[in-house]
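What follows is a short report on a single structure.
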Amino acid sequence: MQKALVAEGQRLPTATPWAWGDVEGHGAGVGEVQSGWVLIWTTPLPALHFRAVAMDFSEFDAVLLDLDGTIYHEENALVGAAELVRRLQREGRRFACLSNSTNSPGQISGRLKRMGMQVEAEHIYPATEAAATYVVEKYGRPRVFNLATTGMQELLEGRVEWVENEGQKCDAVIVGCPSNVYATEERQRAALVLLREGAELVGICADRVFPSPRGLEFGCGAFCELLGYSANVEPVFCGKPEEKFFLELCRKLGVAPGRCVLIGDNLESDVAGGKRVGMKTVLTLTGVARREDLEGLAEGKRPDGVVGDLREL
Ligand SMILES: [Mg+2]
């Protein structure tokens, strides 16, 4: 393949083969531009000294940014994240931040502000909101038992009838992680009775574990399995990589999934999930996925682009 030397910021004409390197000048792959979309192979090229060309987002109707491992890690913004958010805002792009977080959009907006990123709650779509939408659309004004978070309580306040003990009628038990404040041992026992009497088991997301400053924590998916097994019911999950998560987000944004690019750090929940509904995907190597995880991946699970971090976009 012919290699094209490109200066930083230079736009390439359509269908031009090109070589790509990170900002330190290490070679990372070759690709070609087709209709403005950059396809990046991951074959290592040892001695390239090119800089990445800024990705042109005008090809897309919306840019979707995963949060944990992509925009931030714990309470710190990842390299290039604040610049990317500011760029999307400056260019007037439609964008959304998505997450399997069990917090509310308002809580996440506050967290981003503490890291220097001004992102309003309307641009944030966590799995809690997907779960809230699911139960309200399915039941109208559902009777809900909260086995999750204050964020869930905030999102559903005024839209549901809260169930507080096992003696009440209940449509849905919403489940977060076992470490969440509403998941006390007493409430777990009440939830089990409600589920055995027919309430739907709604998991905010299916994550097995999640990282915290203490190490690995039991995830929402693990807690749902415990409850579902005990009550002999199947959980319904609402977060990534569920199709309904991505489709509902696109409906809210008023865009077609095929017109979105999703940038995330997780090959399963971001890349495979986004690709299943027709999105373009870019993997950033600042979170859970490593470059060697790409080897031997089936086409349907392979990201359309790979970057070492967000400065390369
Ligand atoms: Mg992530």
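Of note:
- Qualifying residue in region 120-140 (condition: out of contact with any Pro (no Cβ under 9 Å at 6 or more places or on another chain) and within 16 Å of the ligand (Cβ to nearest atom)): yes
- Looking only at region 267-283, residues that are near the ligand (Cβ under 9 Å from one of its atoms) and in contact with an Asp or Glu (Cβ under 7 Å, 6 or more places away or on another chain) come to 1 in all.
- Of the residues making up region 227-249, those that are of a type outside the set (Ser, Thr, Tyr) and farther than 19 Å from ASN100 by Cα are LEU227, GLY228, ALA231, ASN232, VAL233, GLU234.
- Out of LEU253, LEU227, LEU247, sole residue that is without any contact (Cβ under 8 Å) to a residue 40 or more places away in the chain and not aromatic (Phe, Trp, Tyr): LEU247
- Residue, farthest from the chain's Cα centre (by Cα), within region 137-175, restricted to residues that are small (Gly, Ala, Ser) and not in a loop (DSSP other than H, G, I, E, B): ALA172
- Contact map, region 197-217: first residue more than 15 Å from PRO178 (Cα to Cα), second residue part of a strand (DSSP E or B) and not hydroxyl-bearing (Ser, Thr, Tyr), Cβ cut-off under 7 Å, separation 6 or more or different chains; pairs are ALA199/PHE145; ALA199/ALA172; ALA199/VAL173; GLU200/ALA172; GLU200/VAL236.
- Residue ID - farthest from the ligand (Cβ to nearest atom), chosen from residues in region 248-266 that are part of a strand (DSSP E or B) and among the β-branched types (Val, Ile, Thr): VAL261
- For region 61-76, filtered to residues that are within 15 Å of the ligand (Cβ to nearest atom), under 16 Å from the mean Cα position of the chain (by Cα) and part of a strand (DSSP E or B), the residue that is nearest to ARG114 (Cα to Cα) is TYR72.
Coordinate-derived values only; no laboratory data. As the structure is a computational prediction, the values presented were derived from the model and not from experiment. Glycine also receives a Cβ, built like all others from the backbone with ideal geometry; neighbour counts cover every protein chain displayed.
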